[in-house]
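The values are calculated or read from the model by the stated rules, or taken from the named source; none is laboratory data. On a predicted model such as this, the values are computed, not experimentally measured, just so you know. Backbone-built Cβ (ideal geometry, glycine too); neighbour counts: all protein chains shown.
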Amino acid sequence: MFAKSEMSSRLKDLEKHLKREHPVLSEVVQGFRVLDTVCRRMGYFHREESYATRTSWWPLISILGLYSSGKSSFINHFLNYRLQATGNQAVDEKFTVICYTNEKDVRVLPGLALDADPRFPVFKISQAIEEVAAGEGERVDAYLQLKTCPSDRLRSKILIDSPGFDADAQRTSTLKITDHIIDISDLVLVFFDARHPESGSMRDTLEHLVKRTLNRRDSNKFIYILNQIDATAREDNTDEVFASWQRALAQSGLTAGTCHALFLPEAAIPIEDPGLRARLESKRDASLKDIFRRIEQVGVERAYRIVGILEQTVKTVDQEIRPLLGRFIRNWRRRVLLPETIIAAIGLAAFFGLTIWAGYWEGWRLNLPLWDRLPWGHYTRPGLVALLILGAGYLHFRLRNWAARRTIAGMLKKIDNTDLHPNYTRAFQRNSRWYRSLFFKQPAGWNKRTGQKLAQILDDANGYIQKLNDMYTNPSGRAQEAAPTVLSDTRSAEGNTDIG
Ligand SMILES: Nc1nc2c(ncn2[C@@H]2O[C@H](COP(=O)(O)OP(=O)(O)O)[C@@H](O)[C@H]2O)c(=O)[nH]1
Ligand SMILES: [Mg+2]
């Protein structure tokens, strides 16, 4: 019965991993754990449910784009680590989920390993593949791999490198996975190739992206990158190429996001003309700086958001779940007591009415006919009383059950989020178990200390925010990067233009 649940070891893994790369967040896990316990006591969670796993702990930055546009080269450059294979052929057919490790070496794990991983966005990806590749569990390995890398740049974030977007060769499953990745990403870098600024595959890519970006609230999470602009050096027409590329983006219907032009120093062909080189290099540096800042920033935002989720969850438990359970208890109590009162009243009225009408009362004495004929023995009186109690008790408990079922059904109808129905059903049932009195004020599992625990979590949350502020604000003068500014969507003016 007290065997360790899978969830508890999962949370341990999560905590262990966070300790290495983001100690503040690893403390936040503890807050979620306390909330989990509270919810489990109330019957709202079963053993394997947890608020911690409903949160995605790492911001997801996905790198999409055309074949050979330099996605993998960019990742290597960002990580300052030769992690991904690069080349003009399609070197990587798989999506590669890249996350931090403090081990010295890179490890490559098959897609299936992601299933057991506490980093949940990834977990959801493999689920999505399952849906696309209809139950072929092993197929996950064909689409997805996990790489761990010791680059410090990777702390508190997850990158996803993707196979190129290529017109016809694209299998629907790859496209579906791409869509899913776009959905769950916090930042999406879309790479284009300045060598072929208006190719067919570019049009396909755009068309596909447009579908995903229209009407999104988070469409500003897209950054469009025209890579390999060193290729424009020969004809010295960088600005034209950049402008016509931007036009193509706008014409295809992309209305939000940021554009950048760059090239990757490690891969670029040398630029002869020193003046041109200086110009392109400064454009590139501005772009890279801006992109890197955006990447850093999603990590910062995510950290604050998680603490926000913790606080929000405390409020949900205290101001939503608990009151609903309280309402259940009250409704249920009314559904039991009202009929019982009426039945009792009618019963008594009928009894007295009939006996009075029949003239069985002599003053305060009731003379029931046949009463004296009962075989009175030692146990007759207690026997009669017991029978009466048993009968009443039986009816009472039947009524309690019936009322509980009716109340549960009625209340579920008012809870719009059907995903929560099993949770509420379980918690309601816990409150209507046979040994629970009808007269409790607080839901099962809730006591004085529970409130204190929740208050403590909120207190701790303030402490976490403080620590994040200390972490992300630099007291020695870089005041403009203080937390509040970091939280808003800042965009640099240099080297990029917003579309539209
Ligand atoms: N000239 C030039 N070549 C690049 C640049 N970035 C990447 N490459 C080369 O383009 C090829 C494809 O790069 P890769 O990163 O594998 O592209 P991916 O398919 O998008 O991952 C490789 O041979 C890279 O060396 C760049 O900025 N300029
Ligand atoms: Mg690649």
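How many residues, within region 1-53, are hydrophobic (A, V, I, L, M, F, W, C) and touching a Gly at 6+ places or on another chain (Cβ under 7 Å)?
The total comes to 1.
Name the residues in region 1-29 that are in contact (Cβ under 8 Å) with a residue 60 or more places away in the chain and either surrounded by fewer than 15 Cβ atoms within 10 Å (Cβ to Cβ) or of a type in the set (Val, Ile, Thr) (or both), would you?
As a first pass, look at region 1-29 and keep what is in contact (Cβ under 8 Å) with a residue 60 or more places away in the chain: 10-11, 13-14, 17, 20-22, 24-25, 27-28.
Listed by number, the residues that qualify are Asp13, Arg20, Val24, Val28.
Collect the residues in region 1-14 that are over 17 Å from the mean Cα position of the chain (by Cα) and in a helix (DSSP H, G or I), keeping them in residue-number order.
Glu6, Ser8, Ser9, Lys12, Asp13, listed by residue number.
Only one residue in Leu214, Leu264, Leu209 is closer than 30 Å to Glu301 by Cα and surrounded by fewer than 18 Cβ atoms within 10 Å (Cβ to Cβ), so which one is that?
So the residue among Leu214, Leu264, Leu209 that is closer than 30 Å to Glu301 by Cα and surrounded by fewer than 18 Cβ atoms within 10 Å (Cβ to Cβ) is Leu214.
If we scan region 171-192, do we find a residue that is more than 31 Å from the chain's Cα centre (by Cα) and crowded, with 16+ Cβ neighbours inside 10 Å?
Taking every residue of region 171-192 in turn, none turns out to be more than 31 Å from the chain's Cα centre (by Cα) and crowded, with 16+ Cβ neighbours inside 10 Å.
Listed residues Arg284, Arg277, Arg302, Arg294; which is among the charged types (D, E, K, R) and at pLDDT below 90?
On the way: Arg284 fails: at pLDDT below 90; Arg277 fails: at pLDDT below 90; Arg294 fails: at pLDDT below 90.
Answer to the check: Arg302.
Could you please let me know if Arg247 is within 15 Å of Gly164 (Cβ to Cβ) and surrounded by fewer than 21 Cβ atoms within 10 Å (Cβ to Cβ)?
Values: within 15 Å of Gly164 (Cβ to Cβ): no; surrounded by fewer than 21 Cβ atoms within 10 Å (Cβ to Cβ): yes.
No, not satisfied.
Among the residues of region 217-232, write down those that are outside any helix (DSSP H, G or I) and at pLDDT below 90.
Once the filter is applied, which keeps residues that are outside any helix (DSSP H, G or I) and at pLDDT below 90, region 217-232 yields Arg217, Asp218.
Which count do you get for residues in region 36-58 that are within 28 Å of Lys221 (Cα to Cα), in a loop (DSSP other than H, G, I, E, B) and either of a type in the set (A, V, I, L, M, F, W, C) or at pLDDT below 90 (or both)?
4
What is the one condition in (1) without any contact (Cβ under 8 Å) to a residue 40 or more places away in the chain; (2) assigned to a loop (DSSP other than H, G, I, E, B); (3) surrounded by 18 or more Cβ atoms within 10 Å (Cβ to Cβ) that Pro270 does not satisfy?
So Pro270 meets the others, but not (3).
Look through Arg247, Arg217, Arg212, Arg195 and report the one residue that is under 18 Å from Gly70 (Cβ atoms), without any contact (Cβ under 8 Å) to a residue 40 or more places away in the chain and of a type in the set (D, E, K, R). Give the steps one after another, and end with the answer.
On the way: Arg247 fails: under 18 Å from Gly70 (Cβ atoms); Arg217 fails: under 18 Å from Gly70 (Cβ atoms); Arg212 fails: under 18 Å from Gly70 (Cβ atoms).
Selected residue: Arg195, the only one of Arg247, Arg217, Arg212, Arg195 that is under 18 Å from Gly70 (Cβ atoms), without any contact (Cβ under 8 Å) to a residue 40 or more places away in the chain and of a type in the set (D, E, K, R).
Quick grid of which residues meet (1) within 16 Å of ligand 2 (Cβ to nearest atom); (2) at positive phi; (3) among the small types (Gly, Ala, Ser):
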residue: Lys19; (1), (2), (3): no, no, no
residue: Val28; (1), (2), (3): no, no, no
residue: Asp36; (1), (2), (3): no, no, no
residue: Leu60; (1), (2), (3): no, no, no
residue: Ser69; (1), (2), (3): yes, no, yes
residue: Ser72; (1), (2), (3): yes, no, yes
residue: Asn76; (1), (2), (3): yes, no, no
residue: Asn88; (1), (2), (3): yes, no, no
residue: Asp105; (1), (2), (3): no, no, no
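Is it the case, given these coordinates, that Thr213 is away from ligand 1 (no atom under 16 Å from the Cβ) and under 26 Å from the mean Cα position of the chain (by Cα)?
It is true that Thr213 is away from ligand 1 (no atom under 16 Å from the Cβ) and under 26 Å from the mean Cα position of the chain (by Cα).
In region 197-219, how many are in contact with a strand residue (DSSP E or B) (Cβ under 8 Å, 6 or more places away or on another chain) and either farther than 25 Å from Glu266 by Cβ or within 16 Å of ligand 2 (Cβ to nearest atom) (or both)?
Filtering region 197-219 for residues in contact with a strand residue (DSSP E or B) (Cβ under 8 Å, 6 or more places away or on another chain) gives 197, 199, 201-202, 204-205, 208-209, 213.
Add one more test, that the residue is either farther than 25 Å from Glu266 by Cβ or within 16 Å of ligand 2 (Cβ to nearest atom) (or both), and what stays is 201, 204-205, 208-209, 213.
The number of residues fulfilling the criteria is 6.
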